[in-house]
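Chemist: Here it is, the structure, as structure tokens.
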Amino acid sequence: MNGAPEEASLLERVRADLVRHPGAVDVARVSRLLREAGQVVGAGAMLDLTARLRDHVEGLGPLQPLVAEGVTDLLVNGDGTVWVEDSTGLRRDALRLRPQEARELAVRLATAGGRRLDDAVPWADAHLPSGIRLHAVLPPLSPAGTVISLRLPGGQRLDLDALQRRGAFPGAARQVLDALVATRVPFLVTGGTGTGKSTLLAALLATVPHRERIVVVEDVLELEVDHPHVVHLQSRHANSEGAGGVDLTVLVRQSLRMRPDRIVLGECRGGEIRELLQALNTGHEGGCGTVHANRARDVPARLEALGALGGLDRAALAAQAASALAVVLHLDREGGVRRLREVALLERDPQGLLAARTALDLGADGQRPGPAWEELRGRLGVPLTEAPGPATAADARTASVAAPADDASAQVPVGVAVPARHGRRAA
């Protein structure tokens, strides 16, 4: 706390008082503790002191002043240096945390997120009550010192209209996205870290008809879906005795008994892909999830690696995935802009292995149909009224200007005719 010993001592007294008398860190509590210690401060100083104490007890401590509009990530390296990422990119801040200060902050935040972080379990992945995503690693896994990675939630939930206005995808891709949800075709959202996979997936799920029940399974709560009927399941780590752990594989199985209309796996990164594929092959249409991948054509290899963790060989994975999943929506990030780069179809090649064929290429030089474009139209089962073509001046303006999310006049009509009864895919 700015290195002030008296404030550090007061912080310890506040924490001890909270154990005896749970509640908020407010002016009344701080004033009482100061009086007990024979200290007096003015009204203005009291408000400032209380705010700093609250940040250390309930917020991000010394990192709290760095939270500002547009900031997406706060990173603390092992040497105590702090880095901030916003729309301008990654930059180093003047703040530097002491080793003990960084460790205490990491442990407190992990505890607030319901995770254990200590010498026995020196890493933690948690979702804080404020919506912040935390990842922390302690020595000796990080030899230089405690490493903290914080992903801050956006100031507002972005729907498909808002994403389109910000240049995340052009009109032809928007029609594909709407038809993808309407026809209950299963899909994966892929891309690297920080490319906006969860943002796009949440926006797509928000368009699911309100009569449907969505069950979301995640290792750490991250997907925030604007839908009236969403059930979240979160995995649980084992306790200090190694008991009580519940992984994603178990949760996917449990979701099948919860009358889901759509099963969503927030992130596929292990053997749980086997249960997801089995679920989508047993009548649960419209399922989806996210997978880390560098390119759309790398998705089959990524799924094969995950399938191996679940006991599936390449042939078995291809047979399961080709019938359970249909479309890949691949995102990338360039110059701080997150956008949909490619739409591809998952299918089996002549050797019977899983392959991804480009249906829509959304590169920097425009939107072009790929070899699987006509097949994609057939699988979606709807007439896509806007054919892909070169980028227009209007598209360029859309990509460079971020209109306000609540600007109703900027909404773009979809123009997709959806059949009354939706089929899964053509035989």
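Any read-out appearing in this document is the output of simple, stated calculations on the displayed coordinates, not a laboratory observation. As the structure is a prediction and not an experimental result, all values here were calculated from the model. When we count neighbours, we look across all protein chains shown, and the Cβ atoms used for this are built from the backbone with ideal geometry, even at glycine.
Chemist: Take Ala37 and Gln100, extend 7 Å from each Cα along the Cα→Cβ direction, and tell me the distance between the two endpoints in nm.
Modeler: That separation, rounded to one decimal, is 1.6 nm.
Chemist: Also: Okay, helix-only estimate at 222 nm for the chain: each DSSP H run of n ≥ 4 adds -39500 (n - 2.57), divide by all residues, round to 500 deg cm²/dmol; what do you get?
Modeler: Working: 13 runs with 137 residues, N = 427.
That comes out to -9500 deg cm²/dmol.
Chemist: Now a separate question. Work out, step by step, the length gained on full extension between Asn281 and Met258: first 0.36 nm times the residue separation, then minus their alpha carbon distance; give nm to one decimal. If you can, show how the numbers build up before the last one.
Modeler: Working: separation 23, 0.36 × 23 = 8.28 nm, distance 1.68 nm.
So the chain would gain 6.6 nm between Asn281 and Met258.
Chemist: Using only the Cα atoms of the range 1-58, construct the convex hull and provide its projected area averaged over every direction, in square nanometres to one decimal.
Modeler: Working: hull surface 14.5 nm².
Result: a mean projected hull area of 3.6 nm².
Chemist: May I pose another question? Tell me, what is the FRET efficiency for Ala28 and Glu7 to the nearest 0.05, using R0 = 25 angstrom and their Cβ-Cβ distance as r?
Modeler: Values: r = 18 Å, r/R0 = 0.73.
After rounding, the FRET efficiency stands at 0.85.
Chemist: Just to be sure I understand: of the beta bridges DSSP finds with both ends in the chain, what percent are antiparallel, rounded to 5?
Modeler: Details: 43 of 63 bridges.
Roughly 70 percent of the DSSP beta bridges within the chain come out antiparallel.
Chemist: Using a Förster distance of 60 Å, how high is the FRET efficiency between Arg92 and Ala16, based on the Cβ-Cβ distance and rounded to 0.05? List each step's numbers first, then the result.
Modeler: Values: r = 35 Å, r/R0 = 0.59.
So the FRET efficiency works out to roughly 0.95.
Chemist: Find the all-direction average of the projected area of the Cα convex hull for the chain, expressing the result in square nanometres with one decimal place.
Modeler: 24.1
Chemist: Sorted by average packing, counted as other Cβ atoms within 10 angstrom per residue and highest first, what order do 140-146, 311-317 take? Working shown, then result.
Modeler: Details: 140-146: 13.9, 311-317: 15.7.
My ranking of the peptides, most packed first, is 311-317, 140-146.
Chemist: Which whole-number percent gives the relative contact order of the range 298-346, counting Cα pairs below 8 Å spaced six or more residues apart?
Modeler: Numbers: 45 pairs, mean separation 13.5, N = 49.
Relative contact order comes out at 28 percent.
Chemist: Can you tell me the relative contact order of the range 63-155? Whole percent, Cα pairs under 8 Å, sequence separation 6 or more. Each step should come with its number before you reach the end.
Modeler: Details: 184 pairs, mean separation 27.0, N = 93.
Dividing the mean separation by the residue count of the range 63-155 yields 29 percent.
Chemist: When Lys and Arg each count +1 and Asp and Glu each count -1, what net charge do the other residues less than 13 Å away from Asp219, Cβ to Cβ, add up to? Show your work: numbers first, answer last.
Modeler: Numbers: positive: Arg115, Arg133, Arg236, Arg269; negative: Asp125, Glu218, Glu222, Asp247, Glu267, Glu272.
With Lys, Arg at +1 and Asp, Glu at -1, the neighbours total -2.
Chemist: I would also like to ask the following. Excluding Leu331 itself, what net charge comes from residues whose Cβ is under 15 Å from its Cβ, given Lys and Arg +1 and Asp and Glu -1? Before the final figure, lay out the partial values.
Modeler: Numbers: positive: Arg166, Arg174, Lys197, Arg295, Arg297, Arg302, Arg333, Arg338, Arg339, Arg341; negative: Glu267, Asp298, Asp332, Glu334, Glu342, Asp361.
Net of charged neighbours comes to +4.
Chemist: Only Cα pairs under 8 Å and at least 6 apart count here; give the relative contact order of the chain as a rounded whole percent. Kindly include the intermediate steps, with their values, before the conclusion.
Modeler: Values: 798 pairs, mean separation 55.8, N = 427.
Computed over the chain, the figure is 13 percent.
Chemist: Please give the FRET efficiency for Arg333 paired with Val246, using the beta carbon to beta carbon distance and R0 = 45 Å, rounded to the nearest 0.05. Intermediate values should be presented prior to the final figure.
Modeler: Working: r = 33 Å, r/R0 = 0.73.
The calculated FRET efficiency here is 0.85.
Chemist: Given the options Val67, Val189, Val215, which has the most mean-square fluctuation in a GNM of the chain, springs set between C-alpha atoms less than 10 angstrom apart?
Modeler: Val67
Chemist: What order do you get for 118-129, 276-287 when each peptide is scored by the mean count of other beta carbon atoms within 10 Å, highest first? Don't skip to the answer; put the middle values down first.
Modeler: Values: 118-129: 15.7, 276-287: 19.8.
Highest-to-lowest ranking by the protection proxy: 276-287, 118-129.
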